[in-house]
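J.: Structure incoming, see below.
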Amino acid sequence: MIRDQENLDVLLSTISNFVSKRLVPAENSVSETDEIPADIVAEMKELGLFGLTIPEEYGGLGLTMEEEVLVAFELARTSPAFRSLIGTNNGIGSLGIIVDGTQEQKQHYLPKLASGELIASFALTEPGSGSDAASLRTTAVRDGDFYVLNGTKRFITNAPEAGIFTVMARTNPEIKGSGGISAFIVERDTPGLSVGKADHKMGQRGAHTADVIFEDCRVPAVNLIGGKEGVGFKTAMKTLDKGRLHISAICTGVSERMLGDALNYAMDRRQFGQPIAEFQLIQAMLADSQMELYAARNMIIDAARRRDNKEDVSMEASCCKLFASEMCGRIADRGVQIMGGAGYVSEYAMERFYRDVRLFRIYEGTSQIQQIVIARNMIRKAQK
Ligand code: COS
């Protein structure tokens, strides 16, 4: 759903300008220093990028899902690290509060997330629990007006920067599966919470992940999301349904950038007396990529519209995440192939993108988890 086409067009062209004038020129230095410069972060705040999807009543832009994916297509035409910094505030870090939080929780945290004053992080994965998220072992034991958290969360995006964490922990050890899990908002300076050193990753330098450790960490009971125990796994799954659509759009935007770079290179690079873009074997790689991008864009917009229409898009979100992230991997691979030696050296962006995009097939649910979600939905529908 697009609420106001004119306003949206202004936003899209502002973001597109910001990406090409400010972010693309900074890509190499972000990759070298592993840091996004403070002036760029400040501009991102000014542009409202931290609050794109936070409801307007809490100071955000309140984008609909369709508007959000259109913005994501633009925002992703550069290093994924920039998107990652604002990604958790707009997605998995804040969504638990937006969909299931109490009025007080929303009023207290959302305005600070929308302005970028606070960074939010989503803490589900653990050393022993990744794809099997319902097996998580972090515990939260009620003690008067507090819950005492113990456990370790792993690969937590933006943990080094985060001011608050949405943490899934087991409040009922009797229930081994999803029903024993609750979701909490945990502030960074809560005694007993510590953040490990940043992980050294294959790509996406400038975007940080780390362990988050809870040792007798006393969290006020009012920070139980929605004030309700036992529904934290569902909060996490609802969050991921939306997050997966967002990531699909990011995969598509990055793919458009990579394909654009590959096309420009192929039109410029001459071999055997002509631009390599004139060769049909190169054209096949360009065409296959364009075809897939067209499909990805359309399926993502369709799923986004359905979500705006309040349909359950769990299956469609997984279809989009699976298709777009796998496509992104193929387009990165073809990009390197088209550029040959130039695709393999760091002088060109393709080598960096090739490493950066590998993560898309893993986080917010691996490709195999998306297949499981899709197939289970198919079976459930057929059984009805
Ligand atoms: N929205 C709302 N509720 C959902 C849901 C969704 N999308 N998906 C599942 N649920 C509910 C189910 O309806 C079920 O509720 P009931 O117990 O009331 O019937 C409950 O949650 C448990 O669901 P299910 O039985 O399907 O859970 P499983 O343990 O089999 O796990 C998968 C489901 C594998 C899909 C889940 O663990 C998953 O998504 N894993 C990947 C985690 C992930 O993406 N990690 C990345 C970390 S974030 S970067």
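What follows is calculated from the coordinates using simple rules that are stated; it is not laboratory data. Everything numeric here is computed off the predicted structure, so don't read it as measured data. Cβ atoms come from the backbone with ideal geometry, glycine included; neighbour counts cover every protein chain shown.
J.: Among the residues of region 185-203, is there at least one that is in contact with a strand residue (DSSP E or B) (Cβ under 6 Å, 6 or more places away or on another chain) and either among the aromatic types (Phe, Trp, Tyr) or closer than 23 Å to Ser318 by Cβ (or both)?
T.: No, region 185-203 contains no residue that is in contact with a strand residue (DSSP E or B) (Cβ under 6 Å, 6 or more places away or on another chain) and either among the aromatic types (Phe, Trp, Tyr) or closer than 23 Å to Ser318 by Cβ (or both).
Matching residues to (1) aliphatic (A, V, I, L, M); (2) assigned to a loop (DSSP other than H, G, I, E, B); (3) more than 16 Å from the ligand (Cβ to nearest atom); (4) in contact with a strand residue (DSSP E or B) (Cβ under 6 Å, 6 or more places away or on another chain):
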{"residue": "Met291", "(1), (2), (3), (4)": "yes, no, yes, no"}
{"residue": "Asn298", "(1), (2), (3), (4)": "no, no, yes, no"}
{"residue": "Arg305", "(1), (2), (3), (4)": "no, no, yes, no"}
{"residue": "Lys310", "(1), (2), (3), (4)": "no, yes, no, no"}
{"residue": "Val373", "(1), (2), (3), (4)": "yes, no, no, no"}
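J.: Only helices (runs of 4 or more DSSP H) wholly contained in region 1-77 count here; list those with 2 or more residues that are within 30 Å of Gln107 (Cβ to Cβ).
T.: Hits in region 1-77: 5-18, 38-46, 65-75.
J.: Of the residues that sit in region 79-101 and are surrounded by fewer than 24 Cβ atoms within 10 Å (Cβ to Cβ) and within 19 Å of Val231 (Cα to Cα), which one is farthest from the ligand (Cβ to nearest atom)?
T.: Ile98
J.: Next question. Give region 168-186 a look and list any residue that's under 27 Å from Phe50 (Cα atoms) and more than 12 Å from the ligand (Cβ to nearest atom), or say none.
T.: Hits for region 168-186 are Ala169, Ser182, Ala183, Phe184, Ile185, Val186.
J.: Still on this structure, I have one more. Look through Gly341, Gly329, Gly335 and report the one residue that is buried (at least 20 other Cβ atoms within 10 Å of the Cβ) and either within 26 Å of Thr78 (Cβ to Cβ) or among the small types (Gly, Ala, Ser) (or both).
T.: Gly335 is the lone residue from the list that is buried (at least 20 other Cβ atoms within 10 Å of the Cβ) and either within 26 Å of Thr78 (Cβ to Cβ) or among the small types (Gly, Ala, Ser) (or both).
J.: Go through region 353-384 and give me each residue that's among the charged types (D, E, K, R) and under 28 Å from Glu32 (Cα atoms).
T.: Across region 353-384, the qualifying residues are Arg355, Asp356, Arg358, Arg361, Glu364.
J.: Go through region 229-244 and report how many residues are near the ligand (Cβ under 6 Å from one of its atoms), crowded, with 18+ Cβ neighbours inside 10 Å and among the hydrophobic types (A, V, I, L, M, F, W, C).
T.: 2
J.: Does any residue of region 334-355 turn out to be under 20 Å from the mean Cα position of the chain (by Cα), within 15 Å of the ligand (Cβ to nearest atom) and under 23 Å from Ser289 (Cα atoms)?
T.: No, every residue in region 334-355 fails to be under 20 Å from the mean Cα position of the chain (by Cα), within 15 Å of the ligand (Cβ to nearest atom) and under 23 Å from Ser289 (Cα atoms).
J.: Now, a different point. Hey, can you tell me all the residues within region 137-171 that are crowded, with 20+ Cβ neighbours inside 10 Å, aliphatic (A, V, I, L, M) and more than 21 Å from the chain's Cα centre (by Cα)?
T.: Across region 137-171, the qualifying residues are Ala140, Leu149, Ala169.
J.: How many residues does region 121-150 contain that are more than 15 Å from the ligand (Cβ to nearest atom) and over 12 Å from Ser182 (Cα atoms)?
T.: The number of residues fulfilling the criteria is 6.
J.: Whether any residue in region 101-109 is in contact with a strand residue (DSSP E or B) (Cβ under 8 Å, 6 or more places away or on another chain), of a type outside the set (S, T, N, Q) and in a helix (DSSP H, G or I) is what I want to check.
T.: Yes; the residues of region 101-109 include at least one that is in contact with a strand residue (DSSP E or B) (Cβ under 8 Å, 6 or more places away or on another chain), of a type outside the set (S, T, N, Q) and in a helix (DSSP H, G or I).
J.: Still on this structure, please answer the following. For region 187-228, give me each residue that is free of Cβ contacts under 8 Å to residues at least 60 places away in the same chain, away from the ligand (no atom under 16 Å from the Cβ) and not hydrophobic (A, V, I, L, M, F, W, C).
T.: Glu187, Arg188, Asp189, Thr190, Pro191, Gly192, Ser194, Gly196, Lys197, His200
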